[in-house]
Amino acid sequence: MKNLTFLLLLIFIGCNSIQKISTSEREKIISELEYIMHIDQKYAGIPSEELDNRFGREKAWKIFESKRDSVGIDNQNRIKILFNKFGYLGFKEVGKENANNFWITIQHADNDVEFQKKMLKALRNEIKKNNASRSNYAMLEDRISVNTNKKQRFGSQVTYNEFGQAIPKNGLIDSVNIEKLRNGYGLENFKVYYNRMTINHFRMNKEYLQKQGISEPKLYE
């Protein structure tokens, strides 16, 4: 009986360890999430022209990637603290925009796949309550699949072939039903998405691709 009482007490404590968010705390959380998104996007692309000119292409990339890695770790620590204190921050807690800001660091946490898996499970629970984005769930599931060398279900993670054309990284589980799967999770049309990624890749690597004899983006028909 004592053991049962103790177990129930532990369950009660565990279920009540997540704190409710006060108005003042919500403002602080949103401010932090906005910062996290800003700094994440600052280092999500490529080194600036200024950095290239100052250090040269190769050294600029090393500096840029080192900074991106340190920013990523710092953002992950911030998200982990918020999650441990308040649980998964969805629409109800911080609004749609900032729920996305909460998710972005998890999506980019490729160095900690176990953390991504834990957050995917938490995100799934919020989806059931209509408190989170289905497209965020799909993209995180694909990211974990790629990070564990598995095929993707939704094809949200891309790489590029020798023609500079976007293709699904690691391949697709079900290419026949990909449009239906993507549509069910709020993702845009497969060909539209892949053509957009191909065009962006061509623009960012135009000089290199032209030297390879590729004069324009190779699009899906």
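The values are calculated or read from the model by the stated rules, or taken from the named source; none is laboratory data. Keep in mind the model is a prediction, meaning the values are calculated, not measured. So basically every Cβ, Gly included, is an ideal-geometry build from the backbone, and we count neighbours across all protein chains shown. Just the protein is used for accessible areas: all its heavy atoms, side chains included, with ligands, DNA and RNA removed. Shrake-Rupley method; radii C 1.70, N 1.55, O 1.52, S 1.80 Å.
Scanning region 171-221 for residues that are hydrophobic (A, V, I, L, M, F, W, C) and either touching a strand residue (DSSP E or B) at 6+ places or on another chain (Cβ under 8 Å) or not in a helix (DSSP H, G or I) (or both), which turns out most open to solvent (accessible area, probe 1.4 Å)? Checked region 171-221; the qualifying residue most open to solvent (accessible area, probe 1.4 Å) is V176.
In region 123-165, the residue that is surrounded by the most Cβ atoms within 10 Å (Cβ to Cβ) out of those that are on the phi < 0 side of the Ramachandran plot and either over 18 Å from the mean Cα position of the chain (by Cα) or modelled with pLDDT under 95 (or both) is Q165. The criterion of being over 14 Å from the mean Cα position of the chain (by Cα), part of a helix (DSSP H, G or I) and touching a residue at least 12 places away in the same chain (Cβ under 8 Å) holds for V94. Within region 92-105, can one find any residue that is open to solvent by less than 10 Å² (accessible area, probe 1.4 Å) and among the acidic types (D, E)? No, there is no match, as no residue in region 92-105 is open to solvent by less than 10 Å² (accessible area, probe 1.4 Å) and among the acidic types (D, E).
Does E114 satisfy the condition of being open to solvent by 20 Å² or more (accessible area, probe 1.4 Å) and either within 23 Å of R68 (Cα to Cα) or in contact with a helix residue (DSSP H, G or I) (Cβ under 8 Å, 6 or more places away or on another chain) (or both)? Yes. Tell me whether region 72-85 contains one or more residues that are under 20 Å from S24 (Cβ atoms), among the polar types (S, T, N, Q) and either part of a helix (DSSP H, G or I) or in contact with a Pro (Cβ under 6 Å, 6 or more places away or on another chain) (or both). For region 72-85, residues under 20 Å from S24 (Cβ atoms), among the polar types (S, T, N, Q) and either part of a helix (DSSP H, G or I) or in contact with a Pro (Cβ under 6 Å, 6 or more places away or on another chain) (or both): present. Selection of region 192-221 for residues being of a type in the set (V, I, T) and free of Cβ contacts under 8 Å to residues at least 40 places away in the same chain yields V192, T198, I199. Kindly indicate whether K85 is within 22 Å of I173 (Cβ to Cβ) and among the charged types (D, E, K, R). In short, no. On the stretch given as region 32-57, residues that are under 18 Å from D110 (Cα atoms) and open to solvent by less than 30 Å² (accessible area, probe 1.4 Å) total 3. Hey, among the residues in region 105-160 that are charged (D, E, K, R), touching a residue at least 24 places away in the same chain (Cβ under 8 Å) and not in a helix (DSSP H, G or I), which one's nearest to K92 (Cα to Cα)? Of everything passing the filter in region 105-160, K129 is nearest to K92 (Cα to Cα).
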